[in-house]
Amino acid sequence: MPLSLTVLGTASPHPGPGRPCSGYLVRGGGAEVWVDAGPGTFAELQRHTDPRRLTAIWISHLHADHSADLLAAVYAFAYGGMTPPAPVPVYAPRDCAQRLAGFLGRPDVRFLDGIVEFRPLYDGHTVRHWNLRLTSRAVVHDTEAYGLRAECQGSVLAYSGDSGPCDALTGLAVGADLFLCEADLDTHREGEQRVHLTPEDAGACAKGARELLITHVGPTLTREAAAGRAALVFGGRTTAAREGDIFSL
């Protein structure tokens, strides 16, 4: 199976009609990985695969617009007739399981046994599922956060997660066939910590990639404007991600 990306959601910071928050399905080498679980993306995931087929779930950070639909998945797996044949590995920042348990009013995470298996991310974390290799890099945000590099049979997909400009983000993009990158901000405010990217930042970070795909565009921008501004800096093929888009690498 060649490497592919299916866009499930792109909205920031909340879902809109027909537009869930951040979420993607990455397929390659026999594996199917749900990358980020923003609100609304579990429903969209079911348009493209049976969730029981998931090889893994990967969460960039624990802000709700990237992780809240883990709750929907747990309910489906536990109570909705979608119990997977084996616990699904969830690669996420530490405390993900505890937050989910707390939301449900559970004293610990044992109720998740047999459904999902949480495995903490760290900078340089690497895992292989069949012929799909996932490498995580810590990026700059206002909470523990990671970008992702997915490699399969010579093809490379890079994903920014949520991040301000940083060397790790630029490194993820080098040699990527497709760089999926946030462009949340119209502009940086003076003196404010840079924890998101402007379109120009996204274009600069993508310089080492073959193609740039803009996502997570905030409410002060349109997708078209963000992609156009990023393209002026990147200098290569640049498009805006839309729900239902499928990219084969």
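The values are calculated or read from the model by the stated rules, or taken from the named source; none is laboratory data. Remember, it's a predicted structure, so these values are computed and weren't measured experimentally. Methodologically, a virtual Cβ is constructed for each residue, glycine included, from the backbone with ideal geometry; neighbour enumeration extends over all protein chains shown. For the accessible areas, the whole protein counts, side chains as well, though only heavy atoms, and no ligand, DNA or RNA atoms are used. Shrake-Rupley method; radii C 1.70, N 1.55, O 1.52, S 1.80 Å.
Keeping all protein chains in place and using 1.4 angstrom, which order do 243, 117, 32 fall into by accessible surface area, from largest down?
117, 243, 32
When the C-alpha atoms of region 77-137 are aligned to their principal axes, what extent does each axis show, in angstrom, from largest down?
That works out to 33, 25, 14 Å along the principal axes.
Against the longest principal axis of the chain, how steep is helix 223-234, in degrees 0 to 90 to the nearest 10, with axes from Cα atoms?
60
Ignoring ligands and nucleic acids, what accessible area does residue 55 show with a 1.4 Å probe (Å², nearest 10)?
Its accessible surface works out to 20 Å², give or take rounding.
Provide the FRET efficiency to the nearest 0.05 for the residue 82-residue 128 pair, computing r from the beta carbons and using R0 = 25 Å.
0.45
Of 238, 41, 83, which has the most accessible area and how do the rest follow, probe 1.4 Å?
Order by accessible area, largest first: 83, 238, 41.
Heads up, I need the accessible area for residue 141: 1.4 angstrom probe, whole protein in place, Å², nearest 10.
20
Restricting things to alpha carbons, tell me how big the chain is in terms of Rg and Dmax, in Å.
Using the Cα atoms of the chain, the pair Rg, Dmax is 16.9, 52 Å.
Over all distinct alpha-carbon pairs, what is the Kirkwood Rh of region 11-128 in angstrom?
14.4
Multiply the residue separation of residue 224 and residue 153 by 0.36 nm, subtract the distance between their alpha-carbon atoms, and state the gained length in nm to one decimal.
Using 0.36 nm per residue and subtracting the Cα-Cα distance, I get 22.4 nm.
Let me make sure I get this right: for region 157-249, a, b and c are the square roots of the gyration tensor eigenvalues over alpha carbons, sorted descending. Under 1.5 in a/c it's rounded, otherwise prolate if a/b > b/c, else oblate. Which is it?
oblate
To the nearest 0.05, how large is the calculated FRET efficiency for residue 110 and residue 46 if R₀ is 25 Å and r is the Cβ-Cβ distance?
The value I calculate is 0.35.
Express in Å², to the nearest 10, the accessible area of residue 223 obtained by rolling a 1.4 Å probe over the protein heavy atoms while all chains stay in place.
About 40 Å², ignoring ligands and nucleic acids.
Could you state the angle between the C-alpha long axis of helix 70-79 and the longest principal axis of the C-alpha atoms of the chain, as a value from 0 to 90 degrees rounded to the nearest 10?
Result, in degrees: 20.
So with the 1.4 Å probe, I'd like the accessible area per residue for the chain, rounded to whole Å².
Here the residues of the chain average 41 Å² of exposed surface.
Could you state the orientation-averaged shadow area of the convex hull built on the Cα atoms of region 44-186, in nm² to one decimal?
Averaging across all directions leaves 9.5 nm² for the Cα convex hull.
Please give the per residue volume of the convex hull enclosing the alpha carbon atoms of region 109-220, rounded to a whole number of Å³.
Spread over its residues, the Cα hull of region 109-220 gives 126 Å³ apiece.
Over the chain, with every protein chain in place, what whole percent of the accessible area is carbon and sulfur at 1.4 Å, could you tell me?
51
Quick one: if you stick a label point 7 Å off each Cα along the C-beta vector at residue 117 and residue 248, how many nm between them?
Simple spin-label model gives 3.3 nm for this pair.
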